[in-house]
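Following: one structure in structure tokens, then a few remarks.
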Amino acid sequence: MPVIRIRLLLGVLALLTLAGCEKSQTLEPASARPVKLLTLDDAGAALMRHFPARVEASTRSDLSFRTAGELLELNVAAGQRISAGEIIARIDDSNARSQLESARSSLELAEATFERMRYTLERGAISQVRFDEAKSELRAARSAFEQADEQLEHTRLRAPYDGVIARVPVDNRQMVQIKETVAVIQQPGQLDVVFHLPEQIVRRMVPADDSALPFGNMLAHEVYFSKDGSVYLAQLKSYTTQADAQSLAYEITLTLPQPDNITLLDGMSATVRLDLSAWMPQDVTPVWRVPPEAVSYAGENPDQARVWRFQSPDSIESVPVEVGSLTSAGLEVRGELAPEDRLVAAGASRLRADMSVIPWKKEQGL
């Protein structure tokens, strides 16, 4: 009997110990919940923005015929260099040549008639009125000949300047219409970089001069064309003064010389880095970009967004924020935040101000 009682006692103690362990395991997360933290960059970095952009040729022309016809000659290919005045393409000119020969004959007849009338007028054989009619007919014949000659020239498409053929969207022997692009020519040496500045940013920018828009006084911008870290300075070329109806953004065009150490073609991608601190009010609240999971609406006011700021050693506090756009770098927020603040990066909706938290540390191998 004593042995049985001892075994029963040991069993009860084991059950109590196991229950105590389970209780401590369930209470520990509630008393010190692990949270993933992120640290805000300095205020200057918060106003340093990156915008996707595209490369365009500064001087670029879509070449087309002024008259329709069958394409008989196509003398260029994409990537080919060409000089000003060179014939790029030619369409069927049989009708134009026929009209030119007819106009030439009419002009020769009018010239001969005019000379005869002039000679006759000097001898008083005809009236001044008849001579003026001959003179008018000569003028009309010469104008018709010049127009016919111009029409013949329009059957030849010439390069307007020295450049490089970027694209040839047609094939030889096909019918081309008026203003249909036959070739695209670009002039090397200068490039444009086009990007879009959102309306939300422009609205907060303060003009530094009398420009129509605040970025009218921008001087230089940093442009990246690859991930090798090379930076190129570009100058402001133009900008739109009305936002696009769909994107609600203003189109900004920068220009820079063609770099010698990199090949850039029309349509390639680029990145523009813009320091907005030069055009923002001194008391402007910086824009921070955080993961969407860091923002919560689970407070007393469901319309008020907030984030959780970590307070050492184990507490958190709620910070109301204004939510902006969702970008590739995160969700834009604005509030009473400061550089080096540590925010809870995920699970914000499951937190309360009275919770005790600890920074989550990634274990080795996970």
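So here's what we get for this one:
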quantity: Met268, Met175, reordered so the largest accessible area comes first (probe 1.4 Å); calculated: Met175, Met268
quantity: Amide hydrogen neighbours beyond the local backbone of Glu86, cut-off 5 Å, H modeled; calculated: Ala159
quantity: Largest-first principal axis extents of the Cα set of segment 79-162 (Å); calculated: 68, 24, 14
quantity: Probe 1.4 Å - accessible area at Arg60, Å² to nearest ten; calculated: 100 Å²
quantity: Volume per residue that the Cα convex hull of segment 70-125 spans, once the total is divided by residue count, Å³; calculated: 84 Å³
quantity: Prolate/oblate/rounded call for segment 311-366, Cα gyration tensor, a/c under 1.5 rounded; calculated: oblate
quantity: Coarse-grained scattering of segment 283-327 at q = 0.24 Å⁻¹, given as base-10 log I(q)/I(0) from a Debye sum over alpha-carbon atoms; calculated: -0.97
quantity: Hydrodynamic radius of segment 131-197 per Kirkwood, over alpha carbon pairs, in Å; calculated: 16.3 Å
quantity: For segment 320-329, 3J(HN,Hα) per residue [Karplus equation, 6.51 cos²θ - 1.76 cosθ + 1.60, θ = phi - 60°, Hz, x = Gly/Pro]; calculated: x, 9, 9, 8, x, 8, 8, 10, 5, 8
quantity: R0 of 22 Å, Cβ-Cβ distance Gln174-Ala78: FRET efficiency to nearest 0.05; calculated: 0.85
quantity: Residues whose placed amide H lies under 5 Å from that of Arg306, excluding near-sequence neighbours; calculated: Ser296, Val321
quantity: Separation of the Val319 and Asn301 label points, Cα + 7 Å toward Cβ, nm; calculated: 1.8 nm
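The values are calculated or read from the model by the stated rules, or taken from the named source; none is laboratory data. Source: prediction; values computed, not measured. Ideal geometry is used to build each Cβ from the backbone, glycine not excepted, and the neighbour counts take in all protein chains shown. Calculation scope for accessible area: heavy atoms of the full protein, side chains included, ligands and nucleic acids excluded. Shrake-Rupley method; radii C 1.70, N 1.55, O 1.52, S 1.80 Å.
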